[in-house]
Amino acid sequence: MNNRRKVPMRKCVATGEMKPKKELVRIVRSKEGIVSIDITGKKSGRGAYLSMDKEAVLLAKKKNILSNQLEVKVEDTIYDELLDLIEEEQRQSR
(Lines give C-alpha, C1' and ligand atoms only; values in the text may rest on other atoms or scores of the structure.)
Protein backbone atom coordinates (compact mmCIF):
# COMPACT_ATOMS: atom_id res chain seq x y z
CA MET A 1 0.00 0.00 0.00
CA ASN A 2 1.02 3.60 -0.57
CA ASN A 3 1.23 5.20 2.89
CA ARG A 4 2.71 8.53 1.82
CA ARG A 5 0.73 11.49 3.06
CA LYS A 6 0.36 14.69 1.15
CA VAL A 7 2.42 17.45 2.78
CA PRO A 8 0.33 20.63 3.16
CA MET A 9 2.06 23.55 1.45
CA ARG A 10 1.63 27.25 2.23
CA LYS A 11 3.03 30.43 0.70
CA CYS A 12 5.16 32.82 2.73
CA VAL A 13 3.60 36.29 2.45
CA ALA A 14 7.02 37.98 2.54
CA THR A 15 9.10 35.87 0.14
CA GLY A 16 6.36 34.27 -1.96
CA GLU A 17 7.98 30.84 -1.56
CA MET A 18 5.85 27.71 -1.25
CA LYS A 19 7.02 25.67 1.75
CA PRO A 20 5.67 22.84 3.91
CA LYS A 21 3.27 24.23 6.51
CA LYS A 22 5.51 23.03 9.37
CA GLU A 23 8.38 25.24 8.17
CA LEU A 24 6.26 28.40 8.44
CA VAL A 25 4.76 30.29 11.35
CA ARG A 26 1.15 31.49 11.22
CA ILE A 27 0.14 34.95 12.34
CA VAL A 28 -3.59 35.23 12.96
CA ARG A 29 -6.09 38.06 13.37
CA SER A 30 -9.11 37.21 15.51
CA LYS A 31 -12.62 38.52 14.88
CA GLU A 32 -11.94 41.18 17.53
CA GLY A 33 -8.93 42.42 15.51
CA ILE A 34 -6.28 41.04 17.89
CA VAL A 35 -3.12 39.87 16.13
CA SER A 36 -1.17 36.97 17.64
CA ILE A 37 1.34 34.29 16.69
CA ASP A 38 -0.30 30.91 16.18
CA ILE A 39 2.28 28.21 16.89
CA THR A 40 -0.27 25.38 16.60
CA GLY A 41 -1.76 26.64 13.33
CA LYS A 42 -5.25 25.94 14.61
CA LYS A 43 -6.51 29.26 15.98
CA SER A 44 -9.59 30.63 14.28
CA GLY A 45 -9.35 33.85 12.34
CA ARG A 46 -7.64 35.24 9.27
CA GLY A 47 -4.10 33.90 9.00
CA ALA A 48 -0.92 34.71 7.13
CA TYR A 49 2.11 32.44 6.90
CA LEU A 50 5.68 33.67 7.29
CA SER A 51 8.96 31.80 6.83
CA MET A 52 10.88 30.98 10.00
CA ASP A 53 13.65 33.20 8.72
CA LYS A 54 14.97 36.47 10.14
CA GLU A 55 15.21 38.09 6.70
CA ALA A 56 11.57 37.23 5.90
CA VAL A 57 10.36 38.78 9.18
CA LEU A 58 12.40 41.94 8.62
CA LEU A 59 11.13 42.20 5.03
CA ALA A 60 7.52 41.80 6.22
CA LYS A 61 8.09 44.54 8.82
CA LYS A 62 9.78 46.91 6.34
CA LYS A 63 7.09 46.55 3.66
CA ASN A 64 4.18 46.30 6.13
CA ILE A 65 3.15 42.99 4.54
CA LEU A 66 1.40 41.49 7.58
CA SER A 67 -0.72 44.60 8.08
CA ASN A 68 -1.85 44.42 4.46
CA GLN A 69 -2.57 40.67 4.59
CA LEU A 70 -4.44 40.75 7.90
CA GLU A 71 -6.13 44.08 7.14
CA VAL A 72 -5.27 45.49 10.58
CA LYS A 73 -2.29 47.35 12.11
CA VAL A 74 0.35 44.92 13.31
CA GLU A 75 2.33 46.18 16.31
CA ASP A 76 6.15 46.01 16.39
CA THR A 77 5.89 43.66 19.40
CA ILE A 78 4.58 40.92 17.07
CA TYR A 79 7.70 41.22 14.91
CA ASP A 80 9.89 41.17 18.05
CA GLU A 81 8.13 37.99 19.24
CA LEU A 82 8.67 36.41 15.81
CA LEU A 83 12.39 37.21 15.88
CA ASP A 84 12.66 35.77 19.41
CA LEU A 85 10.82 32.64 18.28
CA ILE A 86 13.20 32.18 15.33
CA GLU A 87 16.26 32.63 17.56
CA GLU A 88 14.87 30.04 20.02
CA GLU A 89 14.24 27.56 17.16
CA GLN A 90 17.82 28.02 15.90
CA ARG A 91 19.21 27.49 19.41
CA GLN A 92 17.25 24.26 19.84
CA SER A 93 18.29 22.86 16.46
CA ARG A 94 22.00 23.12 17.29
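Details
- Selection count, region 17-26, where residues are in a strand (DSSP E or B) and either without any contact (Cβ under 8 Å) to a residue 60 or more places away in the chain or more than 16 Å from residue 37 (Cα to Cα) (or both): 5
- In region 19-45, the residues that are loosely packed, with under 11 Cβ neighbours inside 10 Å and β-branched (Val, Ile, Thr): 34, 39, 40
- The condition of being more than 18 Å from residue 29 (Cβ to Cβ) and surrounded by 19 or more Cβ atoms within 10 Å (Cβ to Cβ) holds for only one of 48, 56, that being 56.
- Among the residues of region 50-62, some residue qualifies, meaning at least one is at pLDDT below 95, in a loop (DSSP other than H, G, I, E, B) and out of contact with any His (no Cβ under 6 Å at 6 or more places or on another chain).
- Among the residues of region 63-86, those identified as in a helix (DSSP H, G or I), over 12 Å from the mean Cα position of the chain (by Cα) and without any contact (Cβ under 8 Å) to a residue 24 or more places away in the chain are 67, 68, 76, 77, 80, 84.
- Candidates in region 1-16 are the residues that are part of a loop (DSSP other than H, G, I, E, B) and surrounded by 15 or more Cβ atoms within 10 Å (Cβ to Cβ); of these, the one that is farthest from the chain's Cα centre (by Cα) is 15.
- Some residue of region 70-78 being surrounded by 12 or more Cβ atoms within 10 Å (Cβ to Cβ) and within 23 Å of residue 8 (Cβ to Cβ): yes
The values are calculated or read from the model by the stated rules, or taken from the named source; none is laboratory data. All values derive from a computational prediction rather than experimental measurement. Every residue, glycine as well, gets a Cβ built from its backbone with ideal geometry; the counts of neighbours run over all protein chains shown.
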